[in-house]
1. When segment 232-273 is examined, which residues are found to be under 25 Å from the mean Cα position of the chain (by Cα), farther than 28 Å from Gly142 by Cβ and in a loop (DSSP other than H, G, I, E, B)?
2. What's the number of the condition Ala240 fails, among (1) without any contact (Cβ under 8 Å) to a residue 12 or more places away in the chain; (2) on the phi < 0 side of the Ramachandran plot; (3) surrounded by fewer than 14 Cβ atoms within 10 Å (Cβ to Cβ)?
3. Would you confirm, using the coordinates I've provided, whether Ala91 is modelled with pLDDT under 95 and surrounded by 17 or more Cβ atoms within 10 Å (Cβ to Cβ)?
4. Name every residue in segment 75-103 that is polar (S, T, N, Q) and touching a helix residue (DSSP H, G or I) at 6+ places or on another chain (Cβ under 6 Å), in order of residue number.
5. Identify, by number, the condition in (1) at pLDDT 95 or above; (2) in contact with a Phe, Trp or Tyr (Cβ under 8 Å, 6 or more places away or on another chain); (3) small (Gly, Ala, Ser) that Ala37 doesn't meet.
6. Given Gly152, Gly197, which one is over 30 Å from Thr244 (Cα atoms) and surrounded by 16 or more Cβ atoms within 10 Å (Cβ to Cβ)?
Amino acid sequence: MKEDVRKHPFRDSQQDVKASHKIPDTPQTRAPAYRLAYADNEFMCREDLRPVRLQLELLKPQLVMDERGIESTIVLFGGARIPDPVNKDQARTKTLADLTKYYTEARNFARIMTERSMTTYGRENVIITGGGPGVMEAGNRGAQDAGGQSIGLNIVLPHEQAPNEYVTPDLCFNFHYFAIRKMHFLMRAAAICVFPGGFGTLDELFESLTLIQSGRMKRVPFLLFGKDFWEKIINWEALAEAGTIGAEDLNLFRFVETAEEAIQIIDTWPKSD
């Protein structure tokens, strides 16, 4: 983040953190109560401080992206288990091996969109992914192929995980709260692209569609890569026939197969107010 340019004469907080490390060692200074509140990890992780942590997790990526001048993003959701076609033989199932074509499409799509983004000096239509493996890696990799930047929104999980190597380091974030992470995915979204995936992808898909359907979010190009996959796992028509969604809700998204097809639809998508 940029160095804070202060408009007031008060001593800054970093100075006091450094100074607090040089104080005399006494029973009083060793006591937890004496620690500076904002520099006290134990205090900051208390149950009572959840509202503060939520606010901090919202603010940090927001401030960094504002400082980088990022105005809009292209969201890529998709499965972490879909491998690079080079590793197709290592796929856990035949279906995953077949789905490797969408790794290629995600990479191509991200490359083309990033080439366009670079005409705005990386301010508009920046690729944003979950920062992990699979389709997420393909998206960040495609952006790097174009020589541009991309965003990764990681989250701490019970099993060991690290960001993929293609995320722009200064735009690689880590989250504790799923809700805040999903909010950051959509805050600047100019388009949403959903590739085959599992529970996490489905969660992201339906939350995004719900926000658009309910008018809580502007309608943006919403593309589902892989019609056969999506129609196999979700009976969209049955939802409409049952009346649990409106028939018009099926027009909130489009099925696509290739990067080129996706870009054509984005370019011709009706402008929303």
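1. If the condition is that a residue be under 25 Å from the mean Cα position of the chain (by Cα), farther than 28 Å from Gly142 by Cβ and in a loop (DSSP other than H, G, I, E, B), then Asp273 is the only one that fits.
2. Here Ala240 clears every test but (3).
3. On the way: modelled with pLDDT under 95: yes; surrounded by 17 or more Cβ atoms within 10 Å (Cβ to Cβ): yes.
In short, yes.
4. Initial filter on segment 75-103 (polar (S, T, N, Q)): 87, 90, 93, 95, 100.
Selection gives Thr100 alone.
5. All conditions are met except number (1).
6. Going through Gly152, Gly197 in turn, the sole match is Gly152.
The values are calculated or read from the model by the stated rules, or taken from the named source; none is laboratory data. What you see is a predicted model, and the numbers here were worked out from it, not measured in a lab. With ideal geometry, Cβ positions are generated from the backbone for all residues, glycine too; neighbour counts draw on all protein chains shown.
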